[in-house]
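Here is the structure we will look at.
Each reported figure results from applying straightforward, stated rules to the coordinates on display, with no laboratory input. All values derive from a computational prediction rather than experimental measurement. With ideal geometry, Cβ positions are generated from the backbone for all residues, glycine too; neighbour counts draw on all protein chains shown.
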Amino acid sequence: MNVAKKIISQHLVNGKMEIGYEIGLKIDQTLTQDATGTMAYLQFEAMGVPKVKTKLSISYIDHNTLQSSFENADDHKFLQTIAAKYGIIFSSAGNGICHQIHLERFGVPGMTLIGSDSHTPTGGGIGMLAFGAGGLDVACAMAGQPFYITMPKIVKVNLKGRLRDWVSAKDIILELLRLQGVKGGRGKIYEFSGEGVKTLSVPERATITNMGAELGATTSIFPSDDITKDFLEKQGREASWIRIESEENATYDEKIEINLNTLDPLIAAPHMPDNVKKVKDLEGIKVDQVGIGSCTNSSLADMILTSEVLKGKKINKDVSFFISPGSRQVLTMLSYSNALFNIIESGARILESACGPCIGMGQAPRSNAVSLRTFNRNFEGRSGTRDAQVYLCSPEVALATALTGKITDPMNYFNIKPLIKLPEKFFVDDAHFQLPPIDNLQVKVIKGPNIKSLEEFTPLVDNNLYAKVVLKVGDNISTDHILPAGAKILPLRSNLPAISEYTFAAVDKNFATRAKLTSNGVIIAGENYGQGSSREHAALAPRYLGIKIILAKSFARIHLANLINFGILPLTFDNFLDYTKIKLDNGINFDNIRNIIKEDKPIYANINNTKIKVNYNLTQRQKDIIFAGGLLNWIKKTNN
Ligand code: MIC
Ligand code: SF4
């Protein structure tokens, strides 16, 4: 068996490990972050379970840390008190980004983890089987329910050789994105193996598994080996280590090889993470902003490299350069070792350990700016500036560029790479994590005015459904298109009526009004609809506005699960050419649809007397959820 199958088989509670079939997995750990967590805990509360049933559940504050008004702080207090009430560890604002901290302090090789954030697969860097999921799926896992996925293909990524100086782990994942594209990873787990694996530290591995999310992958994973052991020892957590490696004759469903010896520094050009080019081919483009941080590249090693490279140098005067260290541990160690001095002295702006600019919470670049970031997503507008050109790259490329003011290949610019020596032991202070009290039932949950109770949703799919096309979009629509984030909109995550007004705001500013007036809306989309984040608001808000069906060429995994969880019917075109036959404002009749789905018969959508065949690929469990009007209704129904 390979590593992924070993862990799947140990956690399998439903279904068979056959590609394409639904499997249910027992979940050991869950994580939430504040932007998705408030909803997840409101949903958990509605389930009436007195205490979480997982081995460990943790609630992080890292996204909404810009407190320009009361909303985010209201959310933080709610999250702190509800964590104490239900047996959840609470990590307050300032501790750092969920994925970075989880790797440092809580991740355990061989365990399963789901998180209400699409970059939860970061845990694969330490040999966890870790998935991004919607908040409701995380709430269900906390209540002891299995997590359902479609059994993916396991793809072996054979890493040959060793990276040259100034080429980094980021370039490995950018190369994979170049090869496979943003929808190439759907239905796949990428499992890394080969001699190159032994040359990569845990944080480097985590950079790679983190950005597997951009491939649309189910997840990505590295083995747990001596390097993993060393990392856990440095964190004082050697007791959590176990060895998990693939068996010698392990089989895989697909194979890819990447030769590290010949890999060049790479960069993802605007506006997609798979728009990958060689840095040397873009050299000379003038740059306005450079940032090092986010859950992809904010480890201690990334920051020490930053310090060593910047020692005694000054950032180019036309560049605004910022860093956001991934965790309090990283920041503490940087300041303790004096490494922070070099960074501050170079002219850098030091930001809080949080998601910050990655999710448009500050540092929006100037109009038309070119911004180079070590982050994982460069969807149009995500930085907060609509016409900014955002590029994704490694810290090495970011540093060379920050010094010259133009896109620069570090291999051409620097000499020998400084030796990055990490300390023997990391500085550990777990007092920053608040453990739930023993008498948790006494805790009073505080819900400030920003916390709005959950809506009750009625079942959507009547038997004869007449729906109107309220929007038609193309391929690769991300959840940032559907429901943008940023400093203005993120604080409304606990307030569905208010946030719904921003649905598709950047694509069509009249969408929300039109959808509400229509009440029976259908959205027509191209391939990979809903790629990107796990935010269930991208399903909840359309649902609130009366969208009943999304008819697309194909869907991204987490978003598809979210649509079903909130009772929206996801349909796909049988013939992609039919996509062109449907226009905005067309009326579509779906006759007898509920019975047809029940009986597993083909659906024909009737548009102006033309019949179009559409498919649905739903298990009985998913049909029941849709008929009940969503997962919460279904759970309540099955519990009574
Ligand atoms: C993101 O990177 O897009 C986010 C913000 O972390 C999201 C979660 C969210 O929208 O709250 C994600 O990746 O799931
Ligand atoms: Fe936070 Fe950005 Fe990572 Fe999302 S991708 S978790 S916003 S740092």
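For this structure, a couple of remarks:
- Value in Å of the Kirkwood radius, where segment 516-579 supplies the Cα pairs that are averaged: 11.7 Å
- Packing around the peptides 101-110, 230-239, 10-19, taken as the average count of other Cβ atoms within 10 Å per residue, puts them in this order, highest first: 101-110, 230-239, 10-19.
- Convex hull per residue volume in Å³, alpha carbons only, for the chain: 142 Å³
- Taking segment 313-437 as the region of interest, the number of lysine pairs whose Cα atoms are within less than 21 Å, with members eight or more places apart or on different chains, is 7.
- Calculated over segment 573-640: convex hull of Cα atoms, volume per residue (Å³): 108 Å³
- Span from the segment 437-511 Cα centroid across to the segment 54-82 one, whole angstrom: 18 Å
- Three-way shape call for segment 252-323 based on the alpha-carbon gyration tensor, with the a/c threshold at 1.5: prolate
- Hydrodynamic analysis of segment 208-298 uses the Kirkwood radius over alpha carbon pairs. Inserted into Stokes-Einstein at 10 °C and 1.306 mPa s, it gives a translational diffusion coefficient of 93 µm²/s.
- The Cα trace of segment 317-421 gives Rg and Dmax of 14.3, 40 Å, the first to one decimal, the second as a whole number.
- Each 5 Å bin from 0 upward holds the following percent of the Cα-Cα pairs of segment 164-231: 4, 17, 29, 24, 16, 8, 2.
- Kirkwood Rh and Cα Rg combined as Rg/Rh, segment 3-92: 1.09
- Ignoring aspartates and glutamates fewer than eight residues from Lys153 along the same chain, the ones with Cα atoms less than 14 angstrom from its Cα are Glu18, Glu22, Glu191, Asp253, Glu254.
- Rg/Rh for segment 1-56 (Cα atoms only, Rh after Kirkwood) is 1.08.
- Around the amide H of Asn528, modelled in the peptide plane, lie the amide H atoms of Asn476, Ser554, Phe555, all under 5 Å away and 5 or more residues distant in sequence or on another chain.
- Segment 447-535 - convex hull of the alpha-carbon atoms, volume per residue in Å³: 124 Å³
- Size of electric dipole in the chain: Cβ of Lys, Arg +1 and of Asp, Glu -1, about Cα centre, debye, nearest 20: 900 debye
- Rounded to 5, percent antiparallel among DSSP beta bridges of the chain: 35 percent
- By the rule of a C-alpha distance below 14 Å, with chain neighbours fewer than 8 residues away ignored, the aspartates and glutamates paired with Lys234 are Glu104, Asp226, Glu424, Asp429.
- Taking all Cα pairs closer than 8 Å and separated by 6 or more residues, the relative contact order of segment 216-276 comes to 23 percent.
- Anisotropy class assigned to segment 492-634 is oblate, per the alpha carbon gyration tensor with a/c at or over the 1.5 cut-off and a/b no larger than b/c.
- Listed by chain and number, the aspartates and glutamates placed with their C-alpha closer than 12 angstrom to that of Lys183 are Glu214, Asp274, Asp475, Glu527; residues fewer than eight positions away on the same chain are left out.
- Separation between Cα centres of segment 320-373 and segment 548-573, rounded to whole Å: 37 Å
- Close amide H contacts of Phe321 (hydrogens built in the peptide plane, cut-off under 5 Å, sequence separation of 5 or more or a different chain): Val290, Arg349.
- Residues Arg535, Arg328, Arg178 in ascending order of nearby Cβ atoms (within 10 Å, fewest first): Arg178, Arg328, Arg535.
- Here the alpha carbons of segment 125-256 define both size measures, Rg and Dmax, at 15.3, 47 Å.
- When the listed pairs Lys53/Lys229; Lys472/Lys509; Lys468/Lys516; Lys53/Lys85 are checked against a 19 Å cut-off, the alpha-carbon distance exceeds it for Lys53/Lys229.
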